[in-house]
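Peer 1: Quick one: structure below, then a few questions.
The values are calculated or read from the model by the stated rules, or taken from the named source; none is laboratory data. Owing to the predicted nature of the structure, the values given are computational and were not obtained by experimental measurement. Cβ: placed from backbone, ideal geometry, glycine included. Neighbour counts: every protein chain shown.
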Amino acid sequence: MNSRAPPAFLDRLAGLPWTPLGRLRRALRDPDRAQRRLLQALMERGARTVWGRAHGFADALQYRDLVSAFQERVPLGVYEDFRPYIVRARAGEPDVLWPGRTLRFGISAGTISAGELIPVSAAMLRAMTRCSLAPGLQYATRGGGPDFLGGKILSIPGGISPDRGRAEVISGEVSGLMMSAVPSLLARHFQAVPLDVLVLEDWETKLHQVVARTARQDIRAIIMVPSWAPLLFDHLLAYAADALPGHPARVRDVWPRLRVFFSGGVALRSYRPILRAYLGHDVDFIESYSASEGFFAFQDRVESPDLLLHVDSGVFYEFVRMEDRVHDAPRRYTVADVEPGVEYALYVSTCSGLWGYAVQDVVRFTSTAPPRLEVVGRTATMLDEYGEALYADEVERALAAAASQTGAECLHHHITYGPLGGTVPQHEVLIEFRVAPPDLGTFVAAIDRHLRDHNRHYRIRRDPGVMAAPTVTVLPPGACLAYLHEVRARVSAQTKLLSMSPARDVAHGLAAAADRLRRQHAVRPVA
């Protein structure tokens, strides 16, 4: 980890009230007050919309306890509850969910969605662009040092494109929408690759051009989804071996002054060992938690992986205890009354016009003053058909433990239930390895042991044998990418493989893609 201390004046400068970091620090002095003031501002603007009128926002704004008045009038909702409103807004109707016309829509890259369109208002785009600067400023002023600002930043967003039928409407991954809103001065000074390349829809073409343009640049920081980084690095090293003097064999040989990797989109913990193998131990990792719905949190301390909740990002947060979600009207907590160590489902109301909207993430606070949390899974990616209550983050930690013990490196994985027909149920983990374990049986045993040790529900089903140990199916290199190309209209730096599902649709698709790859690479007999 880098440990160069930045000058004190830089911290004071970055913390001025008008800077993104200064605004956040001021809001964190009283997070509950900041959130209540934000909710009032959101409702005042939302009162003029179709949604706000239907839900009595004007009346609610007269109450002293605005949070209670809001919660009484606005039910918790999922995407399907908002779909009719989003369709109207996308067709050009003004003042539906948020004042004015909505001209930007994020194609959700979440693991639940197959491409739901999330409205991204101009206000949200400004908020997300502003908030995305906070991790870099915090890193520069609190431990990482400002050196990474002395060179170029390689940021690889997702693709965007004009909407069908309305050229003024742009749809795509929210990272691509944000990149188009970055101030031109910042883009010219820091961005390593021009925007016209970064917004290319074809991921393979974009990757090739990114590598060719950056191999000779002074790259100091990388911003991208970690699941795609190994593919980028492999292309970079292959290009450098032929095109650069000395035939560089490591990423740090190509970019010797690389200081920090800013990660987002998927959990970093599964990819950290793999990225370390490429980058070594002189590169820091900073993780952000954002989605098409907004910018939620970021890692503000290099030495600790938990994330600081951004309470001034145009998002009002509500939390429901996981065990209470079965109730018709569960208690809705705010930053004022959440507790550390409790698992909550996250709901947001935003300056894009989402109200009490289920993000479908499960979070757990590590502290409340200031509010820091970790993302522990997805509300819809829990496997519990047999009472094992297995979360995605538990599988990721088990895979990380097994990889550490066996020297393996996992690139992508998907867990589901094994094929029916056995005497007892079991989980199947389909894995594309970067480095396969020497002995697959030892790897599987390590997964099983970790889950037994850390999940009581899993253990009490494994111990008497009512559930079998998991099985691992090894996928050939490139299988996950081939599968994604088949099921997604576009594959970009933000596209993610569904990590967990009780159904076997993804498993069947991965197996079919793997079979096709094996046939393509089969050695044909010589005539």
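Peer 1: Being in a strand (DSSP E or B) and charged (D, E, K, R) is the filter; apply it to region 335-364 and report the residue that is farthest from D81 (Cα to Cα).
Peer 2: R364
Peer 1: Does V96 meet the test of being assigned to a loop (DSSP other than H, G, I, E, B), assigned by TED's automatic domain parsing to the domain that holds G353 and touching a residue at least 12 places away in the same chain (Cβ under 8 Å)?
Peer 2: Working: assigned to a loop (DSSP other than H, G, I, E, B): yes; assigned by TED's automatic domain parsing to the domain that holds G353: yes; touching a residue at least 12 places away in the same chain (Cβ under 8 Å): yes.
Yes, satisfied.
Peer 1: Go through (1) farther than 20 Å from P330 by Cα; (2) surrounded by fewer than 23 Cβ atoms within 10 Å (Cβ to Cβ); (3) at pLDDT below 95 one by one and return the number of the condition T366 breaks.
Peer 2: Unmet for T366, out of (1) farther than 20 Å from P330 by Cα; (2) surrounded by fewer than 23 Cβ atoms within 10 Å (Cβ to Cβ); (3) at pLDDT below 95: (3).
Peer 1: Tell me, yes or no, whether region 488-506 has at least one residue that is assigned to a helix (DSSP H, G or I) and loosely packed, with under 14 Cβ neighbours inside 10 Å.
Peer 2: Checked against the condition, which is being assigned to a helix (DSSP H, G or I) and loosely packed, with under 14 Cβ neighbours inside 10 Å, region 488-506 yields at least one hit.
Peer 1: Moving on to the next point. For a quick check of your reading: which helices (runs of 4 or more DSSP H) sit entirely within region 1-85 and have at least 1 residues that are among the aromatic types (F, W, Y)?
Peer 2: Filter on region 1-85 gives 8-14, 50-54, 57-60, 66-73.
Peer 1: Moving on to the next point. Of the conditions (1) in contact with a helix residue (DSSP H, G or I) (Cβ under 8 Å, 6 or more places away or on another chain); (2) among the aromatic types (F, W, Y); (3) surrounded by fewer than 18 Cβ atoms within 10 Å (Cβ to Cβ), W18 satisfies every one except a single condition; which number is it?
Peer 2: So W18 meets the others, but not (1).
Peer 1: Looking at region 283-334 only, could you name the residues that are among the hydroxyl-bearing types (S, T, Y) and either part of a strand (DSSP E or B) or modelled with pLDDT under 95 (or both)?
Peer 2: The answer is S288, Y289, S290, S292, S304, Y317, Y333.
Peer 1: Taking the stated definitions as given, is R220 assigned to a strand (DSSP E or B), among the basic types (K, R) and either touching a Gly at 6+ places or on another chain (Cβ under 9 Å) or in contact (Cβ under 8 Å) with a residue 12 or more places away in the chain (or both)?
Peer 2: Against the criterion (assigned to a strand (DSSP E or B), among the basic types (K, R) and either touching a Gly at 6+ places or on another chain (Cβ under 9 Å) or in contact (Cβ under 8 Å) with a residue 12 or more places away in the chain (or both)), R220 qualifies.
Peer 1: Related question: Can you tell me how many residues within region 112-128 are modelled with pLDDT of 90 or more and either out of contact with any Ser or Thr (no Cβ under 8 Å at 6 or more places or on another chain) or part of a loop (DSSP other than H, G, I, E, B) (or both)?
Peer 2: Qualifying residue count for the region: 5.
Peer 1: Tell me yes or no: at least one residue of region 261-273 is closer than 17 Å to R130 by Cβ and in a strand (DSSP E or B).
Peer 2: yes
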